[in-house]
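See below for the structure under consideration.
The values are calculated or read from the model by the stated rules, or taken from the named source; none is laboratory data. Only a predicted model underlies this, so the values are computations on that prediction, with no experimental measurement involved. All Cβ positions, even for glycine, are placed from backbone atoms using ideal geometry, and neighbour counts span all protein chains on display. Just so you know, the surface numbers come from the protein's heavy atoms only, side chains and all, with ligands and any DNA or RNA stripped out. Shrake-Rupley method; radii C 1.70, N 1.55, O 1.52, S 1.80 Å.
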Amino acid sequence: MNIKDGEGKRLFERLTSLAGDVAAKLGRAAILMEVCGTHTTVIAKNGIKSLLSDWVDLRSGPGCPVCVTDQSDVDRVIALSCRPDVVIATFGDMVRVPGTVSSLERERAGGAKVEVFYSPMDALAYAHDHPAQQIVFLGVGFETTTPAIAATVVEAKKRQLDNFSVLSVHKVVPPALRALLDDGSFKIDGFILPGHVSAIIGRKAFEFISSEYNLPAVVAGFEAADVLGALYLLLDRIMRSRTQTVNAYTRLVKEDGNPRAREIVSECLEPAHVPWRGFGVIPESGLTFKEGYKDYDATKRFVIDVPDSCPPEGCGCGEVLKGRLKPSECPLFGTLCTPFDPVGPCMVSSEGACAACYQYE
């Protein structure tokens, strides 16, 4: 959407007028958080943050699955990559994420077998074609990617492939938002909710934000117009003191999401207490394998010796993910930490807040 065309200009004028009214009502800028890496990129690329900065303080939350992967989990997969009988199969963004002492990229340069795949089914095909090697797929992602990985594990069991397993570091979004809101140390006035995650789990999965915490939230699509529309809906509800969880992405998101996708996940995975970068352990915020699928759990198949994990010194990723720190406020941003030589995952991932800020802002 171009804000200089007629429709875009009118929407933007209405939005800025409403934002000014809300800021006057609150006596400060409204603090709104998006919790989706794609939204983060759209906001940065279109200059939305700077256009509204007089009235709205837009913050990025824990919306990047690569970024929220705990340092200990990064170190675990790096340690696993050092085994001569193991091939690490992964999505591309994880290759450059720094661990405490190394990264998959560095280990691959030293001879480790690390293969990048766009689909877990492609990794399964690779396992079929390389029966003498143990293929470990790094299961990273939110509710959006988990069904595909779960379906791959179900297929591996059906084919009785004994050289394929998954290191599950999957995360689910609602418990992280509860953790943010229960913390209470950072004021949030409303949420832009992730469209793709909501397509799987549905609008109702986020209704607790309005029913329990009395805050408005809007499920949004991924065009600039979608984001601006979501911001308008949030500000309108703040102005009218109405707390609702609204679905503004009805062309894809339903009330209860995608039952078949959730069924596939629940067949082989169950909730687990797992650590998030910057948050520590959040109850039932991850997924681990059910009893019938333990044979495909890499943590059960291999003994993994992991050194003591420690986040990079001076890295502000943990605070950025909680919205407490803007990327540019991190002391390493743009100097010691750049996309070309990243210190933290928020500068590595294409969905990371720091990478988006560096590239567009």
Accessible area (Å², 1.4 Å probe, nearest 10) - Asp122: 80 Å²
Computed from the coordinates I sent, P(r) over Cα pairs in 20 Å bins from 0, in percent equals one of (i) 28, 51, 16, 5, 1; (ii) 26, 51, 23, 1; (iii) 30, 56, 14, 0. Tell me the label. (iii)
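Report for the range 81-225 the percent antiparallel among DSSP-assigned beta bridges with both residues inside it, nearest 5. Please report the intermediate quantities before stating the final value.
Details: 0 of 16 bridges.
The answer is about 0 percent antiparallel.
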Rounded to the nearest 5, what % of the DSSP beta bridges within the chain are antiparallel ones? 25 percent
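Taking all protein chains as present, what is the carbon and sulfur share of the accessible area of the chain, in % to the nearest whole number, probe 1.4 Å? Intermediate values should be presented prior to the final figure.
Details: 7650 of 15390 Å².
The value for the chain is 50 percent carbon and sulfur by accessible area.
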For the range 213-308, report the accessible area per residue in Å² (1.4 Å probe, heavy atoms, rounded to an integer). 49 Å²
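Using alpha carbons only, what's the Rg to Rh ratio of the range 32-78 with Rh from Kirkwood? Please list the in-between numbers first.
Values: Rg = 14.0 Å, Rh = 12.1 Å.
So for the range 32-78, dividing Rg by the Kirkwood Rh gives 1.16.
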Per the C-alpha gyration tensor (a ≥ b ≥ c, the square roots of its eigenvalues), the range 77-190 is rounded if a/c is under 1.5, else prolate if a/b beats b/c, else oblate; here it's oblate
Rounded, prolate or oblate for the range 229-284? Axes are the square roots of the Cα gyration tensor eigenvalues, ordered a ≥ b ≥ c, and the cut-off for rounded is a/c under 1.5. oblate
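List the pairs from Lys171/Lys290; Lys204/Lys254; Lys9/Lys187; Lys157/Lys300; Lys171/Lys322; Lys157/Lys290 whose alpha-carbon separation is above 19 Å, in the order I gave them. Kindly include the intermediate steps, with their values, before the conclusion.
Numbers: Lys171/Lys290 16 Å; Lys204/Lys254 9 Å; Lys9/Lys187 30 Å; Lys157/Lys300 16 Å; Lys171/Lys322 15 Å; Lys157/Lys290 13 Å.
Going by Cα-Cα distance, Lys9/Lys187 fall outside the 19 Å limit.
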Considering amide H positions built from the backbone, and no H for Pro or chain starts, which residues 5 or more places from Ala89, or on another chain, come under 5 Å of its amide H? Glu115, Val136, Phe137, Leu138
Computed, not fitted: 222 nm per-residue ellipticity of the chain from DSSP H runs ≥ 4 (each -39500 (n - 2.57)), nearest 500, equal to -11500 deg cm²/dmol
By per-residue mean of other Cβ atoms within 10 Å, what is the highest-first order of 194-200, 25-31, 295-301? 194-200, 295-301, 25-31
Residue-ordered couplings for the range 196-204, obtained by feeding phi - 60° into the Karplus form 6.51 cos²θ - 1.76 cosθ + 1.60 and rounding to whole Hz (Gly and Pro as x), are 5, 4, 5, 5, 8, 9, x, 4, 4
Alpha carbon centre of the range 27-60 versus the range 282-324: separation in Å? 29 Å
In degrees between 0 and 90, to the nearest 10, how far off the longest principal axis of the chain does helix 146-159 point, with axes built from Cα atoms? 20 degrees
